[in-house]
Amino acid sequence: MNRYKVLKEIKDYRDLKRLSKEEIKLLTEEIRDYIIDVTSKNGGHIGPSLGVVELTIALLMAFDPKVDRLVWDIGHQAYAYKILTGRKEEFKTLRQYKGISGFLKRKESPYDHFGAGHSSTSISAALGMRVAKDLKKEEGYTVAIIGDGAMTAGEAFEGLNHAGWLDPSKFIVILNDNQMSISPNVGAIYTYFNKIITNQVFQKPRQKLKEILKTIFGESGAKMARKLEEYIKGLFAPGVIFEELGFTYVGTIDGHNIFDLEKTLENVKQMRGPILVHVITQKGKGYKPAEDNPTPFHGISPFDKITGTPIKKAGAKPSWSKAFGEALVELAEKDDKIVAITPAMKEGSGLTEFAEKFPERFFDVGIAEQHAATFAAGLAAEGMKPVASFYSTFLQRAYDQVIHDIAIQELPVVLAIDRAGLVGEDGPTHHGIFDISFLRAIPNIIISAPKDWQELRNLLYTAVKSGKIFAIRYPRGSVIGEKEEGFEEIQIGSWELLEKGRDIAILGVGKYVKKALETRDILKKYGYNPTVINARFIRPFDEKMLTDILKTHKYIVTMEDGSLNGGFGSAVAEYIIDNNYSNLLIRFGIPDRFIEHGKIELLEKDLGLLPEQMAEKIKEKISDINYKVVG
């Protein structure tokens, strides 16, 4: 920190007021350098945060987060905000085990007014806060900062619609447009027009004119004045849609001019009704690799600070996502009815090659998981074979559509569930630990999990051919095993006997099959000889094999990278109870709590899910029972 001239002297946002313009400009450079330095070591959402450094400073100069509510959408834009709200030193621990979160978190700081890891919640949350403040007659402004594609989600417009209807004052939405998706380039005309439209010299007569017209002509006069104003503003700014929703639109503004931003925000504070301020920023601002390639730098693993190249382990295998994408391309080359759908996760879901080879059959629907699911249902209803790829954590947002639009109608949609299980540094908002539990309750659905690379390929092939709603869940990280040429159809509901033993049967799901085998090796050193089963189908499961196991093995062990509540182990427990068996069941999985962020191996150690820990627990559980050691 000593190498920073201004930043080292800043305790928190209250120190900003005493800085000169030159010092503030230097501070923006130092904050960017600090963010780059930390994320190059820890990974993180560098692009979004680099783009809002000036906006963050302007917000903290115009508003006081002790009194005002600043609600950042998702929170991965808020690294500069964390640094300037008392977490400058702790920022070095970003996304690390026992360190600070990569998102905003209410338990972490009183300045984190609302936490979120899923997008498009800020407007709704901020509106709720605004109404609460009004009901309690409390002072302060409420500001939602939304961007990074979050305006493509339906919830954002639901919030805008409700806010326009309620017409609250001291309610401001900042649209951080870092993709140039709504407006053309920033130019002098926009800045000039903005200064006029937010200035009180303009606003006071504008408001007075509305009141006079309403008094003389009634509601029709006020509407006429508003229509005229919207028409004039529409000549200069692309904000008519927001005006129609009941907001006063202010835009566009250069998001990297702190002092114009601050002046605009101070002017906006004096305006009545809900306000939308449209700010243009550059994603990755100030770091050339991120400016040139904003997509990979949206969220990135540790990288070389000089070149921007991600640091990868030598000889690392492809990710499960990439393996899925490659297999889908192979299948699509032979079947022109296969289509791919993603809610704004093309690169992350391994679908880049598919999009390039089959652009007419690839659909990125934006951050709109609900739409993605129902859109897939519509495609399936017309005989196509849709494969919809969701991160497990984001599939939660489409749950009603999976039930109502897909499962009830028995439409053959393949749900490719990426990032299933613990995902590491992104923490509780992104761990994919609930999909088994919430999908297992749905009739007509098939739920599967591959143990390795080739089984992923075979399950995808089986799913596309099945004509059923078929979920395949696979984890984050590098694939296990190797791939083979071609594909093989797997009998739906079948399990695979990997190692035959006696008395103890370990049923592993997905990547935990490998852990089951490793646990077996450890137990064998103690004289035990467990059977190991690849429980690749969670629903329906192999009742015949399970029945045989229950009859020949006293101890049943389940291992899964999902919630124990309602998960695979629960399904086995239900079967044991419903069929009057008395086997001892030992379940390993994610306990009934939200799991914090950190490297997956450290989290698993905390949860007792390493093979040596599971072997020890199994040994302890059966040690007080008369177990004859194999001689």
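The values are calculated or read from the model by the stated rules, or taken from the named source; none is laboratory data. All values derive from a computational prediction rather than experimental measurement. Methodologically, a virtual Cβ is constructed for each residue, glycine included, from the backbone with ideal geometry; neighbour enumeration extends over all protein chains shown.
When the range 551-564 is limited to residues that are touching a Leu at 6+ places or on another chain (Cβ under 8 Å) and under 22 Å from residue 610 (Cβ atoms), the one that is surrounded by the fewest Cβ atoms within 10 Å (Cβ to Cβ) turns out to be 555. A search for C-beta distances below 9 Å between a residue of the range 13-24 that is closer than 19 Å to residue 86 by Cβ and free of Cβ contacts under 8 Å to residues at least 60 places away in the same chain and any residue that is aliphatic (A, V, I, L, M) and buried (at least 17 other Cβ atoms within 10 Å of the Cβ), counting only pairs 6+ apart in sequence or on different chains, returns 14/60; 15/84; 17/61; 19/6; 19/10; 19/27.
Can you find, within the range 267-318, the residue that is modelled with the lowest pLDDT among those that are surrounded by fewer than 16 Cβ atoms within 10 Å (Cβ to Cβ) and in a helix (DSSP H, G or I)? Top of the filtered list is 292. The set of residues in the range 411-425 being buried (at least 24 other Cβ atoms within 10 Å of the Cβ) and either farther than 15 Å from residue 374 by Cβ or among the β-branched types (Val, Ile, Thr) (or both) consists of 413, 414, 416, 417, 418, 419, 420, 421, 422, 423. Quick one: is residue 105 in the same structural domain as residue 277 (by TED's automatic domain parsing), modelled with pLDDT under 95, within 23 Å of residue 257 (Cβ to Cβ) and surrounded by fewer than 24 Cβ atoms within 10 Å (Cβ to Cβ)? No; evaluated as a whole, the condition is false for this residue. For the criterion of being touching a residue at least 24 places away in the same chain (Cβ under 8 Å), under 24 Å from residue 27 (Cβ atoms) and in contact with a Lys or Arg (Cβ under 8 Å, 6 or more places away or on another chain), residue 51 passes. Being surrounded by 14 or more Cβ atoms within 10 Å (Cβ to Cβ) and either modelled with pLDDT of 95 or more or among the aromatic types (Phe, Trp, Tyr) (or both) is a property that holds for residue 54. Here the range 142-158 is the region considered, the condition is being surrounded by fewer than 24 Cβ atoms within 10 Å (Cβ to Cβ) and not aliphatic (A, V, I, L, M), and the residue that is modelled with the lowest pLDDT is 149.
When residue 497 is tested against (1) outside any helix (DSSP H, G or I); (2) surrounded by 23 or more Cβ atoms within 10 Å (Cβ to Cβ); (3) aliphatic (A, V, I, L, M), exactly one condition is not met: (2). The C-beta contact set for the range 258-284 (first residue under 14 Å from residue 171 (Cβ atoms), second residue part of a helix (DSSP H, G or I) and of a type outside the set (A, V, I, L, M, F, W, C), distance under 6 angstrom, 6+ apart or interchain) comprises 268/198; 270/200; 271/203.
Total residues in the range 310-319 satisfying the condition of being farther than 23 Å from residue 344 by Cα, out of contact with any Asp or Glu (no Cβ under 7 Å at 6 or more places or on another chain) and not small (Gly, Ala, Ser): the figure is 3.
Considering only residues in the range 379-397 that are without any contact (Cβ under 8 Å) to a residue 40 or more places away in the chain and in a helix (DSSP H, G or I), the one that is farthest from residue 431 (Cα to Cα) turns out to be 381.
Only one of 198, 264, 252 is modelled with pLDDT under 70, within 27 Å of residue 64 (Cβ to Cβ) and crowded, with 16+ Cβ neighbours inside 10 Å. Can you tell me which? Give the steps one after another, and end with the answer.
On the way: 264 fails: modelled with pLDDT under 70; 252 fails: modelled with pLDDT under 70.
Answer to the check: 198.
Residues checked against (1) crowded, with 22+ Cβ neighbours inside 10 Å; (2) under 24 Å from residue 120 (Cα atoms); (3) not charged (D, E, K, R):
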site	(1), (2), (3)
372	yes, yes, yes
387	yes, no, yes
395	yes, yes, yes
409	no, no, yes
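The set of residues in the range 438-481 being touching a helix residue (DSSP H, G or I) at 6+ places or on another chain (Cβ under 8 Å) and part of a helix (DSSP H, G or I) consists of 438, 439, 440, 453, 456, 457, 460, 461, 464. When 518, 488 are checked against the criterion of being in contact with a helix residue (DSSP H, G or I) (Cβ under 7 Å, 6 or more places away or on another chain) and either free of Cβ contacts under 8 Å to residues at least 60 places away in the same chain or in a strand (DSSP E or B) (or both), a single residue qualifies: 488. Test of understanding: among 149, 115, which residue is assigned by TED's automatic domain parsing to the domain that holds residue 63, within 20 Å of residue 365 (Cα to Cα), within 18 Å of the chain's Cα centre (by Cα) and touching a residue at least 60 places away in the same chain (Cβ under 8 Å)? Among 149, 115, only 149 is assigned by TED's automatic domain parsing to the domain that holds residue 63, within 20 Å of residue 365 (Cα to Cα), within 18 Å of the chain's Cα centre (by Cα) and touching a residue at least 60 places away in the same chain (Cβ under 8 Å). One residue stands out among those in the range 316-366 that are of a type in the set (Lys, Arg) and over 16 Å from residue 472 (Cβ atoms): the one that is farthest from the chain's Cα centre (by Cα), which is 334. So which residues in the range 65-86 are touching a residue at least 60 places away in the same chain (Cβ under 8 Å) and part of a loop (DSSP other than H, G, I, E, B), if there are any at all? Passing the criteria: 67, 68, 73, 74, 76, 77, 85, 86.
Considering the range 565-602, the residues that are in a helix (DSSP H, G or I) and hydrophobic (A, V, I, L, M, F, W, C) include one that is surrounded by the most Cβ atoms within 10 Å (Cβ to Cβ), namely 568. Report yes if some residue within the range 75-88 is over 24 Å from residue 118 (Cα atoms) and not aromatic (Phe, Trp, Tyr); otherwise report no. Among the residues of the range 75-88, at least one is over 24 Å from residue 118 (Cα atoms) and not aromatic (Phe, Trp, Tyr), which makes the answer yes.
Does residue 535 satisfy the criteria of being over 19 Å from residue 615 (Cβ atoms) and touching a strand residue (DSSP E or B) at 6+ places or on another chain (Cβ under 7 Å)?
Values: over 19 Å from residue 615 (Cβ atoms): no; touching a strand residue (DSSP E or B) at 6+ places or on another chain (Cβ under 7 Å): yes.
So residue 535 fails the test.
For the range 319-360, the candidate set comprises residues that are part of a helix (DSSP H, G or I) and touching a strand residue (DSSP E or B) at 6+ places or on another chain (Cβ under 8 Å); within that set, the residue that is farthest from residue 154 (Cα to Cα) is 331. Only a single item in (1) without any contact (Cβ under 8 Å) to a residue 40 or more places away in the chain; (2) part of a strand (DSSP E or B) is not met by residue 562, and it is number (1).
Filtering 381, 388, 344 for residues that are of a type in the set (A, V, I, L, M, F, W, C) and under 30 Å from residue 55 (Cα atoms) leaves a single hit, 344.
When you check residue 433 against the structure, is it farther than 22 Å from residue 592 by Cα, β-branched (Val, Ile, Thr) and not assigned by TED's automatic domain parsing to the domain that holds residue 569, yes or no?
Details: farther than 22 Å from residue 592 by Cα: no; β-branched (Val, Ile, Thr): yes; not assigned by TED's automatic domain parsing to the domain that holds residue 569: yes.
When the stated conditions are applied, residue 433 does not pass them.
Checking each residue of the range 405-422 against the condition of being free of Cβ contacts under 8 Å to residues at least 40 places away in the same chain and in contact with a Ser or Thr (Cβ under 7 Å, 6 or more places away or on another chain) gives at least one match. With the structure loaded, tell me whether residue 295 is among the polar types (S, T, N, Q) and more than 21 Å from residue 74 (Cβ to Cβ) or whether it fails that test. No.
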